[in-house]
Structure formats: C-alpha cells, structure tokens
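The structure appears right after this line, and notes come after that.
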Amino acid sequence: MKRTASHYATVRLITIWLVLAALIGIGAPPATAADLKPGTHAGTLQGALYRIDIPANWNGDLVMVMHGYQPVGAPIKTPMTAADATSIFLKQGYAVAQSQYASQGWAVGDAIADNERLRQYFIHTFARPAHTYIYGFSLGGLEVAASIERYQHVYAGALITCGATVSTPDIVSRAIVTPLVAFDALIPGVLPDLAAPDSPRFIPPAVFAKALQAHPKEAAILEKRLQETPETLPTLSLYYMTLREFEQRAGGMPVDNRKTLYHGFGDDDAFNRNVHRYAGSPAAMAYASRNVTLTGRINVPLVMQWNAFDQTIPARFHSVYPDQVRASGNGKLLTVLAPVGNGHCNFTEEQTSAAFNTLVSKVDSGAH
C-alpha cells in the first residue's frame, strides 16, 4: 500500500499528540489506591526538597501543603519535615505533597513555582488525582491565594489558615515598615537606618523589650495601634529581620514612605514630622509587586480562618483578601470561618480538620 505525504503527516501529528498526552496526563483516568505505593517519597526538584506522603487507604485525592515563613539559615532536615497538618489529611485518606522551596525567607516566588512543579511531578510520577486541594498557613496563605489566582482550573478548592493574605507591597508597607518606623519615631535611638546595606540583619527581641519597658507611654501607643500586647510587641524583631531579608532579596528598600501620612500614633502632626522617611528602590518595589500582588479573582471554593488574637497577623489584616474576593464578584466561593484561639497559627487538629471538611463539603456541593 502506497503511503502518501498526508498519511505521514497525520501519523506524525498523532505521535506528537500521544507524547504530549503522556507528558501532561491528558486522558489519564483518576488514580486508584492500587496506583500508588504507600509511604513517604522524598527528594529534590530543581533545588527544592520535597516530600510526598501516601496513606495505605488513599482515597484518590491530593492535598498540596504550603508552609509559612522560615528565617534564612533555619535548620532544614533531610528528608523534609512534614507540616503539622499533614497527619490530619493522611488520616482521612488524602495523599499529601509539600515543597521546602528553593529558598528561605520571603520565598513567595520560589514557593509558587516549586509547589506547581511538585504538583505536576506527582501526576507524571504517580497518578492524576481525582481532586487536588491546596492548603497554606501563615505566609503560605499568601502563596495559596496567589496559586489559585494564577493556576485556575487546577485545584478543586483551597484552605487558608492564619494567612498573610495581603499583597506583598501592602503587607511589607503596613505590617512591617509601619510598625518599625513608628517604633523608631516614638522611641528613637534603637533602630539603625532600615535601608542601609550595612545595618545588622537581626536585632534580638530583648532589645525591643528593654526599650519598650523604659518607655511605657510610647509602648502603650504602639500596643493599641498595632493590636499587640506587652508580651507580643517584641515581635518587632521578626518584622525587622523579615525586612532586612526582603531588602537583600529584592535589591533595596521596597517601600517609599516619603508622602505617607501616618495616623493613630498619638499626636499625628508631631509623629509625621518625626518619622523617618525612606525613598523606595524602584527595582525592589517592582519585585514586591511581582511576588506577589493579589486580585481576588478566584474560581474555586476558598475557606479561610484566623486565630482570634494573632500577634503576627493582626486582625486589621484579616478582612483584606475576603474583601478583594467579594469586590471581584466571587463572594459566593468564599467561606470565612469564625476566629478561634489565641496566638499565630494556634489551631487544634480538630479545628483544622473541621475547616478542611467545610471546604470538601463546599466542593462536593458544587459551590462554584
């Protein structure tokens, strides 16, 4: 039988399609428990440690977990240590995949890319889940929100607890730089120039605590305005360390406060005269916008919950992303659970499990 040019072209197209289908999983049926070997599978993907945990009673679904902020230089174990919530999902029959990320600190850009790379690795190496959920806590909440906005039609639903779900330019400005310049204006002589390359990378909490104890009036102003307590206000040390790491990552000061009018710090006129003004680095501010700016445009159910008192992510930031989601016309996809407990990410297993079950119920009910 004579083969025509069109025949060979057709064969070539079919071959290419089959190769692509094998690579991206087109047409792959939902996985079953028989497809996966139970246990922990760990390794490295493009410089990022990962772990995948598969229960013996795997239900065919996958949960991607995105962890919170890790200071640069924090010890990392090999294989990667599982997030606390991992056992909650495993007990319910879900496979769990999580990345350590290729860097520490404000690793939002790495986190989003590494998480997506790991999700695809799970599909190509093991099987295509029937449903894929995504869960993040603390800074991982920002990364989850960005992921469901960026990778639409990938996840069945998302859960965020104690999340820093504020666009990076805003959270760096309002939750990090504002408390630091306020402390400096009210209690001068403790902090160095926040934008100077040679300023120390870390100032111990005890330094802040000592200064606050010596200036009780000013400390009371900061506590009220920043929604802190005398015990938690030394978390300014964390804000300082985060800013210094972010500056190194972004290449300069990511905030320009030369025209910012501050309020709520006592005598506003005097405060605005005394506050240190910084000219932001254009490159650093652009980096902050890229990593990342949220829009609220989601297309899957999202469940969010915070602690009633959270010294790291104060209540004044809790409504920011829910308001964005509603303003984008996606309020029907959003469930904000009542806050519980005190502390940062201080949830019991039962509370986290209940929040996740709320999400699964929303997905099962077709809440889109």
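The values are calculated or read from the model by the stated rules, or taken from the named source; none is laboratory data. Here the structure is a predicted model, which means the values were calculated and not measured. Note that we place each Cβ from the backbone using ideal geometry, even for glycine, and neighbour counts take in every protein chain shown. Note: accessible area is taken over every heavy atom of the protein model, side chains too, but ligands, DNA and RNA are not part of it. Shrake-Rupley method; radii C 1.70, N 1.55, O 1.52, S 1.80 Å.
Run the dipole for the range 238-286 about the Cα centre, Lys and Arg Cβ at +1, Asp and Glu Cβ at -1, nothing else charged, and hand back the magnitude in debye, nearest 20. Mind showing how you got there, number by number?
Numbers: 6 positive and 6 negative charges, 36 e Å.
Computed charge dipole of the range 238-286: roughly 180 debye.
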Checklist entry - Treating the beta-carbon of each Lys and Arg as +1 and of each Asp and Glu as -1, no other charges, what is the dipole magnitude of the range 84-218 about its Cα centre, to the nearest 20 debye? => result 380
Item to check | Reach of Lys210 by Cα under 19 Å, taken over lysines that are not fewer than 8 positions away in the same chain | outcome: Lys224
Checklist outcome for this item: Nearest 10, in degrees from 0 to 90: the angle of helix 5-24 to the longest Cα principal axis of the chain is 50
Next on the checklist: For Rg/Rh (Cα atoms, Kirkwood Rh), one of [x] 0.97; [y] 1.05; [z] 0.94 was computed from the structure I shared and the rest are decoys. Which label?
Outcome noted: [y]
Next on the checklist: Quick check: pseudo-label points 7 Å beyond the Cα along Cα→Cβ at Ser361 and Leu337, how many nm apart are they?
Outcome noted: 1.0
Checklist outcome for this item: So the angle from the long Cα axis of helix 216-226 to the longest Cα principal axis of the chain, reported in degrees to the nearest 10, equals 30
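If DNA, RNA and ligands are ignored and the probe is 1.4 Å, what is the ranking of Arg150, Arg117, Arg244 by accessible area, most exposed first? It would help to have the intermediate numbers written out before the result.
Numbers: Arg150 130, Arg117 75, Arg244 25 Å².
Solvent-accessible surface, decreasing: Arg150, Arg117, Arg244.
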Checklist entry - Assuming R0 = 22 Å, what is the FRET efficiency of Arg150 and Ser328, from their Cβ-Cβ distance, to the nearest 0.05? => result 0.90
Next on the checklist: Can you compute the radius of gyration and Dmax for the range 245-350, using only the Cα atoms, both in Å?
Outcome noted: 17.8, 49
Checklist entry - What percent antiparallel are the DSSP beta bridges of the chain, to the nearest 5? => result 35
Checklist entry - If the label point is 7 Å along Cα→Cβ of Ala74, which residues in the range 53-68 have backbone nitrogen under 18 Å from it? => result 65-68
Checklist outcome for this item: Per the 1/(1 + (r/R0)^6) rule, R0 = 41 Å and r from the Cβ atoms of Asn272 and Gln46, FRET efficiency to 0.05 is 0.30
Item to check | Förster radius 51 Å - calculated FRET efficiency between Glu350 and Lys217, Cβ distance, rounded to 0.05 | outcome: 0.75
Item to check | Cα long-axis angle, helix 205-214 against the chain (0 to 90 degrees, to the nearest 10) | outcome: 30
